[in-house]
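**Q** The structure's right below; bear with me while I get my questions together.
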Protein chains: 2
Amino acid sequence: MSMKLSTKSALIPPSPIRKLVPYAEKAVKNGVKVYKLNIGQPDIAMPQCVFDAVRKVHVNNLPYTNSSGITSYVEALSMAYSKKGHEINTDEIVVTTGGSEAIYFALMVLCNENDEVIIPEPYYANYNGFAIQVGAKIVPITTHIETGFALPKVEEFERIITPKTKAIMICNPNNPTGKLYSKEEILQLRDIAIKHNIFLIADEVYSDFCYDDEEHFSLLELDGVDDRVIVCDSVSKRYSMCGARVGAIISKNKNVMDAVVRLAQTRLSAPYLDQVAAETALRHSSDEYFINVRKEYIQRRNTMVELLHKIEGVECPMPKGAFYVVAKLPVENAEAFAQWLLESYSYEGGTVMLAPAAGFYADPHNCPQNYVRLAYVLCQEDIRKAMNILEHALKEYNK
Amino acid sequence: MSMKLSTKSALIPPSPIRKLVPYAEKAVKNGVKVYKLNIGQPDIAMPQCVFDAVRKVHVNNLPYTNSSGITSYVEALSMAYSKKGHEINTDEIVVTTGGSEAIYFALMVLCNENDEVIIPEPYYANYNGFAIQVGAKIVPITTHIETGFALPKVEEFERIITPKTKAIMICNPNNPTGKLYSKEEILQLRDIAIKHNIFLIADEVYSDFCYDDEEHFSLLELDGVDDRVIVCDSVSKRYSMCGARVGAIISKNKNVMDAVVRLAQTRLSAPYLDQVAAETALRHSSDEYFINVRKEYIQRRNTMVELLHKIEGVECPMPKGAFYVVAKLPVENAEAFAQWLLESYSYEGGTVMLAPAAGFYADPHNCPQNYVRLAYVLCQEDIRKAMNILEHALKEYNK
């Protein structure tokens, strides 16, 4: 009886993105080149100054840093936000171990057991794992491909708000849909938050990835809800430093930050070398670096979406941010198709790995079973090849 | 009403070790040299090969690693444990973000809300923060300076075991007491675990720090309780790499490891560069490196304890492991004394910073108010100076 593990540990879902990994490994073993469109790990080089900085670090040993982050890095973050027009003091920032920990801290600070957090779905699958650890309940509000995954109307939010609702959480720009929420959509959230006395959490780790001259409207820009806003950030995507595990949590709510600091003290510190690397990227990478990165992603997106649109039966909106597309495929079951691609198909020696979108829904059965998420984190030539494979595969599959 | 933060967030205690920091900062500002005996951050140099490895890392960007850790590092860990006589397969190890995350994972996997974990007290203060996040209740079992902080008898454990008891957790060698538990003490825990059908968790991050030819008896050596044992490890202390945030959780219980892997997937990965550094330290640091480290700590310990024993009214056992001493001081209240040392005292331009032991007790009022923890992580000369200051300070304070 006492040997039973915790209820929560049984509920933590395995990563849906990694479910197909064994099939991919087998394909590779069989000599098939697998174009991985299933994960959001950028292939782009970090800024050169990061390499130089890490090589130049001269320490006798690797020390703990301040639990809230290396002071000079926190200052650099504060300046960077202010450059974007957000006045954020250093005591309104705590450096976290990746954006992941920022999300976990936000939920832990706000939610008691069974408190509810409304999240537009499809949503980043790992939110489930964090919510379960905290005991919070994710209440999905479904967005639709037909409207480009726009936020539902106020009435739809109000229909699911209960006395247990603690916050609305968004990812902006969105993983998995690539949707960039407009200023109007964010203002609508503000009004709901004030009216129903709840918090707003935004996962803004893709905030620099906005395309076609559209601008990111951060929760930090909202007036009159300083006390209600928590923003989660990360260097993972911006500088291609996923493995650094350096993020940040930002809030002007003093009670929130006081609790976050205590949570941060419990785990002592975020990694030292990686904070040095992150600070270097922030202070010393050229503006040109990210201009080029963005240019590259726009071209990749255009290539992928254009080619997707040319495939018969495929539908997808033109995403305005992040580096993902959710597409509807002319198949019955995207998961079976994704597995078939890896197990039984290749074209000119290659196949593609897709992420079935069901993993991004609170209830996988809620998801149209023919949706997939594709990440455009490969070079354009590989994207072209992958789309060509996908086109041929769909013909073959539907014979 | 909904703007209230979570109950748990209010319970997370601030770090007791860092409470005196503002006073120390003020002393430094006033030109006083502060000998920091309050924190367990080693000053010893990392193995040289770690510097070299980090400088030689040639990657285009910093990737996520496998959620369970870089495969070759996990293999190196498996080999290292086997060298110590523990047969641990690679799927019985998950690399964690510091020993901290290993502790959190262990508690999260085992404990439902209000489940109890028995921990000999005084104990590492951050266990409180992790237990609160998980909703577990720490049930302390007090150990005493008079017996060198030995484990209490079986009957004392049995008196506090309830149907809610999920595990006994120890830190061995112990932080804060420096106690190294004997084989007999560990066998006693095994018998209790079997009889009462509970788990055993050991925080063994100091396992290499054992002195005077006494050997560390790991939970991994126990027969017949493979299913009940979880061990938490870390490179922080062994290689002076606290800021790497690389630890490990080890168990032969398949259900435990299955849950740990899913928890690890939720936060994606431990830091990449730091795992490379940790693997290098493990594979390529010379045996000599750690022989010298241990020699240095033994000399520091001897110096500190000898000098403590010479101070009138000070009592402390000779610790056999880790790098801490818990000492009884001839003062009424160690916290007031520690603050006075920083605020109002200096001798030959210096003062010392101590950690009042109350912070290491489940109920601070349970702690004899005149106990402190001292870490011998300074060079011997500084330890001598610090002990000299302490001696003069006690005379002055008790005038």
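**Q** Tally up the residues in segment A:2-44 that are within 30 Å of A:Tyr73 (Cβ to Cβ) and modelled with pLDDT of 95 or more, please.
**A** 0
**Q** A further question follows. Tell me which of these A:Glu335 doesn't satisfy, since it passes every other one: (1) touching a residue at least 60 places away in the same chain (Cβ under 8 Å); (2) in contact with a strand residue (DSSP E or B) (Cβ under 9 Å, 6 or more places away or on another chain).
**A** In the conditions (1) touching a residue at least 60 places away in the same chain (Cβ under 8 Å); (2) in contact with a strand residue (DSSP E or B) (Cβ under 9 Å, 6 or more places away or on another chain), A:Glu335 misses (1) alone.
**Q** So A:Gln41 fits all but one of (1) surrounded by 14 or more Cβ atoms within 10 Å (Cβ to Cβ); (2) facing another protein chain (nearest Cβ under 7 Å); (3) closer than 30 Å to B:Gln48 by Cα; what number is the exception?
**A** Going through (1) surrounded by 14 or more Cβ atoms within 10 Å (Cβ to Cβ); (2) facing another protein chain (nearest Cβ under 7 Å); (3) closer than 30 Å to B:Gln48 by Cα one by one, A:Gln41 breaks only (3).
**Q** For residues that are surrounded by fewer than 17 Cβ atoms within 10 Å (Cβ to Cβ) and in contact (Cβ under 8 Å) with a residue 40 or more places away in the chain, scanning just segment A:365-383, find the one that is farthest from A:Phe209 (Cα to Cα).
**A** Taking segment A:365-383 first, the residues surrounded by fewer than 17 Cβ atoms within 10 Å (Cβ to Cβ) are A:365-366, A:368, A:379-381.
From what's left, in contact (Cβ under 8 Å) with a residue 40 or more places away in the chain: A:366, A:368, A:379-380.
On the way: A:Asn366: 29, A:Pro368: 27, A:Cys379: 17, A:Gln380: 17 Å.
The qualifying residue farthest from A:Phe209 (Cα to Cα) is A:Asn366.
**Q** When A:Asp213 is evaluated against the numbered criteria (1) in contact with a Cys (Cβ under 9 Å, 6 or more places away or on another chain); (2) more than 8 Å from every other protein chain (Cβ to nearest Cβ); (3) over 18 Å from B:Arg267 (Cα atoms), which criterion, by number, is the only one it fails?
**A** With respect to (1) in contact with a Cys (Cβ under 9 Å, 6 or more places away or on another chain); (2) more than 8 Å from every other protein chain (Cβ to nearest Cβ); (3) over 18 Å from B:Arg267 (Cα atoms), A:Asp213 is out only on (1).
**Q** Quick test for you: out of A:Ser72, A:Ser6, A:Ser78, A:Ser68, pick the one residue that is surrounded by 16 or more Cβ atoms within 10 Å (Cβ to Cβ) and away from chain B (no Cβ under 14 Å). Before the answer, list the steps.
**A** Details: A:Ser72 fails: surrounded by 16 or more Cβ atoms within 10 Å (Cβ to Cβ); A:Ser6 fails: away from chain B (no Cβ under 14 Å); A:Ser68 fails: away from chain B (no Cβ under 14 Å).
Going through A:Ser72, A:Ser6, A:Ser78, A:Ser68 in turn, the sole match is A:Ser78.
**Q** Pull out all pairs, ordered by first then second residue, where Cβ-Cβ is under 8 Å, the residues are six or more apart or on different chains, the first lies in segment B:267-292 and is under 19 Å from B:Ser78 (Cβ atoms), and the second is outside any loop (DSSP other than H, G, I, E, B) and polar (S, T, N, Q).
**A** B:Ala270/B:Thr96; B:Glu279/B:Ser72
**Q** Something else now. Can you tell me which of B:Glu155, B:Glu113, B:Glu121 is more than 19 Å from the chain's Cα centre (by Cα), more than 10 Å from chain A (Cβ to nearest Cβ) and not polar (S, T, N, Q)? So that I can check it myself, show each step before the final result.
**A** Values: B:Glu113 fails: more than 10 Å from chain A (Cβ to nearest Cβ); B:Glu121 fails: more than 19 Å from the chain's Cα centre (by Cα).
After applying the criteria, what remains is B:Glu155.
**Q** For segment A:126-221, list the helices (runs of 4 or more DSSP H) that sit wholly inside it and hold at least 2 residues that are within 26 Å of A:Ala10 (Cβ to Cβ); which are they?
**A** Details: elements: A:126-134, A:154-160, A:183-196.
The helices (runs of 4 or more DSSP H) meeting that bar are A:126-134.
Per-residue answers, yes or no, for (1) outside the structural domain of B:Ala270 (by TED's automatic domain parsing); (2) of a type in the set (Val, Ile, Thr):
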site: B:Ile12; (1), (2): yes, yes
site: B:Arg18; (1), (2): yes, no
site: B:Val21; (1), (2): yes, yes
site: B:Lys26; (1), (2): yes, no
site: B:Asn30; (1), (2): yes, no
site: B:Val34; (1), (2): yes, yes
site: B:Val54; (1), (2): no, yes
site: B:Asn61; (1), (2): no, no
site: B:Thr71; (1), (2): no, yes
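**Q** Being in a loop (DSSP other than H, G, I, E, B) and under 14 Å from the mean Cα position of the chain (by Cα) is the filter; apply it to segment B:225-240 and report the residue that is nearest to the other protein chains (Cβ to nearest Cβ).
**A** Looking only at segment B:225-240, we keep the residues that are in a loop (DSSP other than H, G, I, E, B), and these are B:225, B:235-240.
Cutting the leftovers down to under 14 Å from the mean Cα position of the chain (by Cα) gives us B:235-238, B:240.
Details: B:Val235: 9, B:Ser236: 8, B:Lys237: 11, B:Arg238: 11, B:Ser240: 4 Å.
Ranking the qualifying residues of segment B:225-240, first place goes to B:Ser240.
**Q** Here is a further query. When the residues of segment A:11-31 are narrowed to those that are touching a residue at least 12 places away in the same chain (Cβ under 8 Å) and more than 24 Å from A:Val326 (Cβ to Cβ), which ends up nearest to the other protein chains (Cβ to nearest Cβ)? Steps first, answer last, please.
**A** Filtering segment A:11-31 for residues touching a residue at least 12 places away in the same chain (Cβ under 8 Å) gives A:11-13, A:15-17, A:19-20, A:23-24, A:26-27, A:31.
Those still in the list that are more than 24 Å from A:Val326 (Cβ to Cβ) too: A:11-12, A:26, A:31.
Details: A:Leu11: 9, A:Ile12: 4, A:Lys26: 17, A:Gly31: 21 Å.
Checked segment A:11-31; the qualifying residue nearest to the other protein chains (Cβ to nearest Cβ) is A:Ile12.
The values are calculated or read from the model by the stated rules, or taken from the named source; none is laboratory data. Fair warning: this is a prediction, and the values are worked out from it, not measured in the lab. We place every Cβ from the backbone using ideal geometry, glycine too, and count neighbours over all the protein chains shown.
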